[in-house]
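The values are calculated or read from the model by the stated rules, or taken from the named source; none is laboratory data. Please read these numbers as outputs of a predicted model, since none were measured by experiment. Quick reminder, even Gly has a Cβ in these numbers, built from the backbone with ideal geometry, and neighbours come from all protein chains shown.
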Amino acid sequence: MSAVKARLGNVRLVRLSASRPELVPSGVHHRSMANGRVRCLFCYEDSGDNLVASSEHLLSRPVAAAFGIDRRSSVARVDGDVEEIRWMQLNGIKRRCVCTRCNNGWMNRLEHSMAGIATWISGPIGEPIGAARALDLRNWALKTHMLLCFIEGNAGRFGEDTFTGEYVVPPVTPAKALYKGDHNALAHCVVGVTRSTSRTDFAWSFGTPSVTAPGGVKGHPRFAPVSIVTVGSLQLWVVVPLLPARVTMPAGVQVCRAGLRPDELARTGHPMNLGLVRVDFE
């Protein structure tokens, strides 16, 4: 699968242009493969009378405000297969795959915590990020990646006999670990940080990396999708392998960790190329 032309390897850019008609993606519910019932991606609660499905926005109001991004801006969504450009408003990019309790609870608190990262990245270049703030940044990156698995990766269509398009395997286990705050269970997930050289306010690329299995055999990329998300001058590279793996990031991408300083984030100029990431399954 080509990182440039493949359907799951597209770059989405915010264009600060005249408003165009809003095109909201059709809702896709996450379903249990065992019984077909709708479940929340994170808490995985049964879809009984107590569950109220909710839509999670790719870019929340708190984060957009903190980084100076207008959510009414139009987004050019480029489909690499047919070279078609579709326009929609940034605040219309969302997916109905979570429950109201999660969306209004821990996920809302995470969005407000992520808004504080704007102060760090735009502040003194020698100021190290604290442990709590670094964890917030990492968790927000993981949450956003998991959401992109549904928005761009068709994870909600996994297991549908009639669906013939591209898809990634739903990140059910790491999503539940994120909800529970089980950081040990998420230790294999990789979040890299660098600075963006692009003039776009917000952009993302989602798709599959170069993957190999033991013995050098070509592995299945559906088990290790990649997200690259640019928010202001901050760029995040996220890989969540669903099998034990060794992840190689491009030069200049720093691991998200406590003590990281803004002056360590080089303006690498990487063009959000998913092919620069390699995943070797162990």
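Couple of notes before you dig in:
- Total residues in segment 158-178, condition touching a residue at least 12 places away in the same chain (Cβ under 8 Å) and over 16 Å from PHE223 (Cβ atoms): 3
- Residues in segment 146-157 that are of a type outside the set (Gly, Ala, Ser) and buried (at least 19 other Cβ atoms within 10 Å of the Cβ) were compared, and the one that is modelled with the lowest pLDDT is ASN154.
- For SER233, the requirement of being surrounded by fewer than 20 Cβ atoms within 10 Å (Cβ to Cβ) and within 15 Å of ILE121 (Cβ to Cβ) is met.
- Positions within segment 187-222 being surrounded by fewer than 20 Cβ atoms within 10 Å (Cβ to Cβ), among the hydrophobic types (A, V, I, L, M, F, W, C) and at pLDDT 90 or above, in sequence order: ALA187
- Some residue of segment 181-199 being outside any helix (DSSP H, G or I) and in contact with an Asp or Glu (Cβ under 8 Å, 6 or more places away or on another chain): no
- Hits in segment 118-161 - residues which are among the polar types (S, T, N, Q) and outside any helix (DSSP H, G or I): SER122, ASN154
- Close pairs from segment 193-204: first over 11 Å from LEU236 (Cα atoms), partner surrounded by 22 or more Cβ atoms within 10 Å (Cβ to Cβ) and polar (S, T, N, Q), Cβ under 7 Å, at least 6 apart: SER198/THR230; THR200/THR230; PHE202/THR230
- Exclusive hit being within 30 Å of GLY68 (Cβ to Cβ) and among the polar types (S, T, N, Q), set ASN184, ASN139: ASN139
- Test: residue in segment 70-93 that is among the polar types (S, T, N, Q), part of a helix (DSSP H, G or I) and at pLDDT 80 or above: yes
- Screening ARG246 on (1) at pLDDT 90 or above; (2) surrounded by 18 or more Cβ atoms within 10 Å (Cβ to Cβ); (3) in a strand (DSSP E or B) shows it passes everything except condition (2).
- Filtering segment 114-145 to residues that are β-branched (Val, Ile, Thr), crowded, with 21+ Cβ neighbours inside 10 Å and within 21 Å of the chain's Cα centre (by Cα) leaves ILE117, THR144.
- The set of residues from segment 249-259 being in contact with a helix residue (DSSP H, G or I) (Cβ under 7 Å, 6 or more places away or on another chain) and surrounded by fewer than 20 Cβ atoms within 10 Å (Cβ to Cβ) comprises PRO250, GLN254, ARG257, ALA258.
- Within segment 149-160, the set of residues being under 19 Å from ARG39 (Cβ atoms) and not aromatic (Phe, Trp, Tyr) comprises CYS149, ILE151, GLY153, ASN154, ALA155, GLY156, ARG157, GLY159, GLU160.
- Taking residues in segment 209-220 that are in a helix (DSSP H, G or I), and partners anywhere that are of a type outside the set (Phe, Trp, Tyr), the pairs with Cβ atoms closer than 7 Å and at least 6 places apart or on different chains are PRO214/GLU282.
- Odd one out for VAL52 among (1) modelled with pLDDT of 95 or more; (2) loosely packed, with under 15 Cβ neighbours inside 10 Å; (3) among the aliphatic types (A, V, I, L, M): (1)
- Scan segment 162-180 for residues that are in a loop (DSSP other than H, G, I, E, B) and within 16 Å of the chain's Cα centre (by Cα) and the total you get is 5.
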